[in-house]
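The values are calculated or read from the model by the stated rules, or taken from the named source; none is laboratory data. All of these numbers come straight from a predicted model, not from anything done at the bench. Please note: Cβ atoms are built from the backbone with ideal geometry, for glycine as well, and neighbour counts cover all protein chains shown. Only protein heavy atoms, including side chains, enter the accessible area calculation; ligands, DNA and RNA are left aside. Shrake-Rupley method; radii C 1.70, N 1.55, O 1.52, S 1.80 Å.
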Amino acid sequence: MKRAALAWLMLAAVSLAGCTGPNSTTLPTLGVIALGADLPLSGGDGPDGTSAKNAIDLAVKQTGRVCGAVHHQDACFDLRLIAYDDVLKGVHDPAQGAKNVELLAADASVAGLVGPLYDSLARSELPVANAAQLAMISPAVTDECLTQEPEDGHCKGQAQRLRPRGPNNFFRVVTTQLAEGAAAADLAFKTLAKRRAFVINDQTPFGLGIATAFADRFVQDGGTVVDPTDLGGFDPNGSPSFGSRVRRAVGLAADVVYFAGADIYAAASLRHDMAAQMPQVPLIGSDRLANDQFAKSAGATARGSYYTVVGPHPASLRPAQGFIRDYQQRYGQAVGTYSVQAFDAANLLIAAIGRSIDDAGGQRPTRAQVVQQVGRTAGYRGAMGVMSFDSRGDTSLMLISAYQWMTDTEPTGRFAAQITLS
C-alpha cells in the first residue's frame, strides 16, 4: 500500500511539473493570438517575401504557444500566422499594403505584424496601423525619414505625420540607409587598410548624408579626407564627367574613392575614369551599386568596386547558424535576403507579447500593451545578435554587409565583410 501511494505521488509530481513550464502544451489555452505579416508573396519580389514569411512561420511553429513571461507562465495562447500579399499586378503596391493592414487591424486576434519590406509600403501602412495601435516590426525598411528628423530638415516632419494618434508603433530590426556612409569608412580603413580618401557626392539629401557620415567616420578611424571642402559635390542632373576630379584625386595621393550618389551610370563613368588614371585604387559606393546594371556599364573595370548593403550576411553570423540549419531542414531551401531579419522580428514580437500578457494580469493583452512592450525591448538576443530599440523605434544593432564586384558577368558582388557599427 505504501509503495502504491508513493508511486501515485511521484506520478502526480511529474504531471504537475509538466503543466507549469512556459509554452507547455499541457496547459489549457486561453485562445489564439495571431502575428500578422504583410509581404510580397508573388511577382518578381515573391522570393524575398516568401522566404521572409517562411522565417516568421518557423518562429511561430517553434514557439507554438506564447505565455506570460514571468508572473503568468500558466496563461498561454496558441500562436498562428496570418499573412497577406501586398503585390498587385506583379509589383508591390502601397495601396494594397494599406488594405492588408486594415484587414489585420480588423481581426481582434492579431496582436502585431511583421513587415513590410519596402519604404513605400511602410509610408502607406504606418498611419493605418498607428490608428489601430498595432505594432509593426519591419525586417527591411531603411528610409531614415520613417523614424527620424535629421538636422538638415530633408524629412520635413514625415515621421510625425505618419503617426496620427501620436505614440510610436513602428520598429525595425535593421538600421537606416544613412549608416552606409560610416560602414563604408570602416570598410575602407579597417578592412582595406586605406588611409587617404577622396569623396564624390551628388548633393542630394541621401548623397550628402552618406558622404558626410563617411568623412566623419573615416577621420574618426584615423584616416584623411584629402579634399573635404565640398565633399566632391557634382550636379546629378548634368552629364557627369569625372576626369578632372580623378586627376585631382591622383595628385592628392588618394588610395580610395567614395561615391555617395544614386546614379549607377555616373558611378560606372567614374570607375572608367579611375581605371585609366588610378587603376589600383578601389571605388566604394552605397547599395545603389548592388544593381548589376552598374557592373555591366562599368564592364571589366567593375572589378575592384565595393558596395554596402544594410542588413546582415547570415552565413558570417555565429548566432544565426542554428536558424539557418532549422530553416533549411523545414523548407528545403537556403535562407532568403530577409529571412534572418524576419525571424528576429517575429521572435522579438512574440517575446513582447509574453511580457504584455503579464501586464494584462494573465489575460489577452491589448494592442497598446504589446506596442509598449515592443518599445521596451532591451538586450534582446536574436539570430543577428543583441539589439534594443530606442524611443524612435530604431535598432541599436547596426549591421551592414559589404560586397565586391569581381566581374561584370555575375549578378551580384561577392561578400567582403560584415560591419557592425557602434
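Structure notes:
- Placing a label point 7 Å from the Cα of Met406 along the Cα-to-Cβ direction, the residues of the range 272-308 with a backbone N closer than 14 Å are 303-305.
- Computed over the chain, the ratio Rg/Rh where both radii use C-alpha atoms and Rh is Kirkwood: 1.06
- At R0 = 41 Å, FRET efficiency that the Cβ-Cβ distance of Glu151 and Lys61 yields, to 0.05: 0.35
- The charge dipole of the chain, taken about its Cα centre with unit charges on the Cβ of Lys, Arg, Asp and Glu (plus for the first two, minus for the last two), comes to roughly 1180 debye.
- Of the two radii for the range 238-358, the radius of gyration is 1.19 times the Kirkwood radius, both from the alpha carbons; that is the Rg over Rh value.
- Separation in nanometres of the label points that stand 7 Å from Cα toward Cβ, at Asp107 and Leu88: 2.0
- Take the Cα radius of gyration of the range 302-407 and divide it by 2.2 N^0.38 Å, N being the number of residues; the result is 1.32.
- Local electrostatic count, Gln404, Cβ distance below 10 Å [Lys/Arg +1, Asp/Glu -1]: +2
- Spatial separation of Cα centroids for the range 240-261 and the range 129-197, in angstrom: 29
- C-alpha long axis of helix 94-106 to longest principal axis of the chain, angle in °: 20
- Taking the DSSP beta bridges with both ends in the chain, the antiparallel portion is around 40 percent.
- Sites Asp221 and Ser316 - FRET efficiency at Förster radius 22 Å, r taken between beta-carbons, to 0.05: 0.55
- Modelled FRET efficiency - R0 41 Å, Asp78 with Thr191, Cβ distances, 0.05 increments: 0.30
- Between helix 339-359 and the chain: long-axis angle, C-alpha atoms, 0 to 90°, nearest 10: 40
- Each Lys and Arg adds +1 at its Cβ and each Asp and Glu adds -1 at its Cβ; summed about the Cα centre, the range 61-114 shows a dipole of about 120 debye.
- Top positive-direction residue, dipole computed over the chain with Cβ charges, set Thr147, Ala159, Ala34: Ala34
- Distance from the C-alpha centroid of the range 385-422 to that of the range 34-100: 23 Å, rounded to the whole angstrom.
- Reciprocal of mean inverse Cα separation for the range 133-256 (Kirkwood radius, Å): 16.4
- Taking only the C-alpha atoms of the range 103-194, Rg followed by Dmax gives 15.9, 55 Å.
- Carbon and sulfur %, accessible surface of the chain computed with the full protein complex present, 1.4 Å: 53
- If the chain linking Ser239 and Lys296 were pulled fully straight, counting 0.36 nm for each residue of separation and taking away their Cα-Cα distance, it would gain 18.6 nm.
- Considering only the range 41-176, percent of DSSP beta bridges that pair antiparallel, nearest 5: 45
- Dividing the summed helix terms, -39500 (n - 2.57) for each DSSP H run of n ≥ 4, by the number of residues in the chain produces a 222 nm estimate of -12000 deg cm²/dmol to the nearest 500.
- Volume per residue that the Cα convex hull of the range 95-156 spans, once the total is divided by residue count, Å³: 81
- Once the 1.4 Å probe is applied to the protein heavy atoms, the chain comes out at 42 Å² accessible per residue.
- Chain lengthening between Gln277 and Ser391 when straightened (0.36 nm per residue, less Cα-Cα): 36.3 nm
- Angle of helix 321-331 to the longest C-alpha principal axis of the chain, folded into 0 to 90 degrees and rounded to 10: 70°.
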